[in-house]
Amino acid sequence: MKRVLKWAAIVLLVIIAAVGGFAAYVAIRGIPSYEPHVVEFKVVSTPERIAHGRNLAMMLCVHCHTDPITRQLTGTKLLDLPAEFGTAYSKNITQDREHGIGNWSNSEIVYLLRTGIHPKTGKFVPPWMPKFPRVSDEDMASIISFLRSDDPLVAAQPVVNKEGEPTFLAKMLCYIAFKPLDYPSAPIPVPDTTDKVAYGKYLALGVLDCWTCHSGDFKKMDMVNPEKSFEFFAGGNVMLDANGHEIPTTNITSDKRHGIGAWKEADFVRALRTGIKPDGTPMRFPMVRMPQLSDHAISSIYAYLLTTPAIPKPRQEPPPYTIPTNASAGMKAYYKYSCQRCHGESGLGIADLQLAGKKYSADSTLIDVIKHPSKYWPDTYMPEWESTVSDQEYTDLAVYVRELGKKSGR
Ligand code: HEC
Ligand code: HEC
Ligand code: HEC
């Protein structure tokens, strides 16, 4: 008996030492590295590909890589990363040869986007930079064509990259849970776009990643077979807005009561196009409208979602913001329409409105900018409010936008 206990104690000590040793290794070595492979991906740039690639990048890259101050893809702090993972900065992906990706080959960019392995250093790129393993070769060629184009968003800017500080938990998860993906061994075709369900599935699972945010738990996602993910499309993943304030995703399965099963197609198209839901309230950040999608594309996503298994999981409302009861009418409207979820409580979040008061000195112009943002930025994700905001509220909002600008001292 004594001998058994002695052996048990030795085994336990060895386990403790191994776990401790592994923890020390993770803490010292940081995010893991892999041997990057050389792949061959040819891109012939055409005006059509550049235009299509811009549309894709507006939906897939811009909200993370745009610095709200430079308004170019020079990288910025990720405001919506949960604190338990530490801090992270997206990178300069303009054409600058030293600080951006101007000296990366097309194949290197595609390799990173599909596998998550940095082609120059071999370092694993953590999940806060998404991977795009299902995007077709054609769509990938378009994204590359855009990144190489003379679009002002990607014009070379010598902005130095900032390094984030991942926590021990983040580093540890990059050893045990988050792994790079294999580079696809065969070409990835675009499905037949006239087959709505197939095309909608490609968009929702392959390109726009609706399923990752909208499934039940990030930790229980099946990256290879999305449909096998826990509570597929039933919502509940808790996201953060520009103030780090929680907001759970919603159920968008075919369930008639809790999902979108009872939504009319026109309602769904309107929500994705303008940002306004059937009940007249805006979808709140990080859900953004996608004016780049054609009606056919949106209706295909709708057709596909209606084929997903109905899961009767009720929606969770995000915790409300509290503002003083004697807040000004403008402040009330700012929170009522969830402006703060993008622009931050200070006016500078993932988007900046602190300089708007100076830029648009006439009230009528400032109000018009808030009312019809697409007139000024045709593919912006700021919502088009349609008739949901009253004239009085637009006036109040303009007053509050000027106030935030003055308070910022910029
Ligand atoms: C959810 C936010 C997010 C989205 C969306 C996103 N990125 Fe990133 N990206 C990041 C972060 C964060 C990093 C830095 C990762 C790290 O620290 O290793 C990064 C790194 C990169 C890098 C590596 C740059 C370098 O110098 O190391 C490239 C290239 C890149 N992203 C391109 C893209 C493209 C193209 C898209 C759209 C198709 C995109 N990203 C979408 C957050 C994002
Ligand atoms: C970055 C994460 C993220 C991605 C990607 C995403 N969503 Fe969302 N979505 C959310 C969040 C968070 C909400 C909840 C917003 C709210 O409560 O106002 C939401 C809400 C919605 C709603 C409103 C549902 C309701 O009942 O209120 C619809 C519809 C929707 N998303 C569809 C989509 C589709 C379609 C896609 C892919 C094209 C998509 N989402 C991609 C995070 C995301
Ligand atoms: C979903 C995110 C989002 C929401 C919600 C949002 N905005 Fe914006 N807003 C933006 C973005 C992004 C821009 C910058 C335009 C661009 O480049 O797309 C912008 C630009 C602006 C500008 C012009 C800034 C300038 O310097 O030109 C004003 C003013 C503004 N928003 C006010 C508001 C108000 C008021 C609300 C609420 C009623 C609001 N926004 C809600 C994302 C948002």
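The values are calculated or read from the model by the stated rules, or taken from the named source; none is laboratory data. No experiment lies behind these values; they were computed from the predicted model shown. Note: ideal-geometry Cβ built from the backbone for every residue, glycine included; neighbour counts use all protein chains shown. Protein only, heavy atoms only, side chains kept; ligands, DNA and RNA dropped before computing areas. Shrake-Rupley method; radii C 1.70, N 1.55, O 1.52, S 1.80 Å.
Numbers below:
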quantity	calculated
Residue in the range 50-73 that is open to solvent by 70 Å² or more (accessible area, probe 1.4 Å) and modelled with pLDDT of 95 or more present	yes
Residue under evaluation residue 301, criteria (1) more than 30 Å from residue 192 (Cα to Cα); (2) part of a helix (DSSP H, G or I), criterion not met	(1)
First in the range 98-121 and in contact (Cβ under 8 Å) with a residue 12 or more places away in the chain and farther than 23 Å from residue 178 by Cβ, second anywhere and open to solvent by less than 20 Å² (accessible area, probe 1.4 Å) and hydrophobic (A, V, I, L, M, F, W, C), Cβ under 6 Å, 6 or more apart	106/144
Test for residue 302: is it within 11 Å of ligand 2 (Cβ to nearest atom) and open to solvent by 20 Å² or more (accessible area, probe 1.4 Å)	yes
Residue 99 vs. criteria open to solvent by 30 Å² or more (accessible area, probe 1.4 Å), under 22 Å from the mean Cα position of the chain (by Cα) and either aliphatic (A, V, I, L, M) or assigned by TED's automatic domain parsing to the domain that holds residue 166 (or both)	no
Scope the range 80-93; condition within 17 Å of residue 161 (Cβ to Cβ) and either open to solvent by 30 Å² or more (accessible area, probe 1.4 Å) or away from ligand 3 (no atom under 16 Å from the Cβ) (or both); matching residues	81, 86, 87, 88, 89, 91, 92, 93
Single match in 215, 149 (criterion: within 30 Å of residue 377 (Cα to Cα), open to solvent by less than 20 Å² (accessible area, probe 1.4 Å) and not hydrophobic (A, V, I, L, M, F, W, C))	149
Residue in the range 273-290 that is touching a Pro at 6+ places or on another chain (Cβ under 8 Å), under 30 Å from residue 84 (Cβ atoms), among the aromatic types (Phe, Trp, Tyr) and touching a residue at least 40 places away in the same chain (Cβ under 8 Å) present	no
Selection status of residue 190, assigned to a helix (DSSP H, G or I), open to solvent by 40 Å² or more (accessible area, probe 1.4 Å), aliphatic (A, V, I, L, M) and out of contact with any Lys or Arg (no Cβ under 6 Å at 6 or more places or on another chain)	no
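Yes/no matrix, rows are residues, columns are (1) assigned to a helix (DSSP H, G or I); (2) more than 16 Å from ligand 2 (Cβ to nearest atom); (3) over 18 Å from residue 40 (Cα atoms):
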| position | (1), (2), (3) |
| --- | --- |
| 99 | no, yes, yes |
| 111 | yes, yes, no |
| 114 | yes, yes, no |
| 120 | no, yes, no |
| 134 | no, no, no |
| 145 | yes, yes, no |
| 150 | no, yes, yes |
| 158 | no, yes, yes |
| 169 | yes, yes, yes |
